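Below: one structure, written as structure tokens.
Every number here is computed from the coordinates shown, using simple stated rules; none is lab data. Please read all numbers here as calculations on a predicted model, not as lab measurements. FYI the Cβ positions are ideal-geometry reconstructions off the backbone, even for glycines, and counts take in every protein chain you see.
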Amino acid sequence: MGEKSLENFIDRAGRRGLGFFINVCTDKIKSLNELIPIVRRLKDEGKRIVFTNGCFDLIHAGHTRLLNMARSQGDCLIVALNTDDSIRKIKGEKRPLLDQGQRGYIVASFEPVNFVLYFDEETPDAVIRQIQPDVLVKGGEYNMDEVVGRQNVWDSGGKVTIVNPVEGLSTTTVIEDIVQRFSNKK
């Protein structure tokens with residue numbers, strides 16, 4: 001965002017108050033049916049669509065690194081978030097820590113993110129097939145053969161990228177650290 005754009009943004013935000021920020025974030029959250037025609041239009045305009053997904057349950061530096069690196073690979077970043085039910089199937093009954101409404105709002109508030117959508121399945125394969133991103137970005141300690149949707153993206157001429165995690169940092173390690181620090185209060 002250029003200096004003049006930033007000044008205009010701050011000026012508009014000041015006039016509209018907090019409601020402006022809330023609307024900007026919630027306007028980024030779309031259903032798959034709402035997003036498909038937007039993606040088609042952007043592709044028709046020659047825009048490069050980037051897709052990533054995850055739980056984004058407890059935001060940490062690894063998440064922000066992933067989002068920034070993903071956005072740098074194209075013109076529009078779509079983040080697919082697992083629903084609460086999907087996370088419980090994958091991670092167990094104690095997760096997520098934050099409900100999908102909060103997680104969606106938080107992820108949508110990040111500048112690199114253009115759109116957020118929720119998916120209820122354990123993997124985003126069906127969403128990837130419908131969005132047909134130009135670039136699929138996955139964070140974490142995955143091997144290429146573990147990346148869901150990679151073949152679909154390759155078959156359509158796209159690229160798949162794995163962003164290495166920040167060493168020693170994951171939502172699970174953050175939770176474990178919190179539990180350890182606060183379970184023996186003195």
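Of note:
- Simple point charges give the picture: +1 on the Cβ of Lys and Arg, -1 on the Cβ of Asp and Glu, and for segment 133-186 a dipole about the Cα centre of about 360 debye.
- Among 126, 153, 163 the positive-end extreme of the charge dipole of segment 78-186 (Cβ point charges): 163
- Environment charge at residue 147 (Cβ cut-off 11 Å; Lys +1, Arg +1, Asp -1, Glu -1): -1
- The Rg/Rh ratio for the chain is 0.99, where Rg is the radius of gyration of the alpha carbons and Rh is the Kirkwood radius.
- Peptides 162-172, 121-131, 61-71 ranked from most to least packed by the mean count of surrounding Cβ atoms within 10 Å: 61-71, 121-131, 162-172.
- Neighbourhood charge, 15 Å Cβ-Cβ cut-off, centred on residue 71 and excluding it, Lys, Arg +1 and Asp, Glu -1: +3
- Our estimate of slack between residue 43 and residue 26, defined as 0.36 nm per intervening residue step minus the Cα-Cα distance, is 3.8 nm.
- CD proxy at 222 nm, helix term only [per DSSP H run n ≥ 4: -39500 (n - 2.57); per residue of the chain; nearest 500]: -14500 deg cm²/dmol
- Distance histogram for segment 86-186 (every C-alpha pair counted, 10 angstrom bins, percent rounded to whole numbers): 12, 34, 39, 11, 3, 1
- When the listed pairs 47/91; 28/94; 47/89; 43/94 are checked against a 31 Å cut-off, the alpha-carbon distance exceeds it for 47/91; 47/89; 43/94.
- Long-range HN-HN contacts of residue 159 with modeled amide H, under 5 Å: 135, 136
- The charge dipole of the chain, taken about its Cα centre with unit charges on the Cβ of Lys, Arg, Asp and Glu (plus for the first two, minus for the last two), comes to roughly 440 debye.
- The Cβ shell under 11 Å around residue 42 holds other residues with a net charge of +1, Lys and Arg each +1, Asp and Glu each -1.
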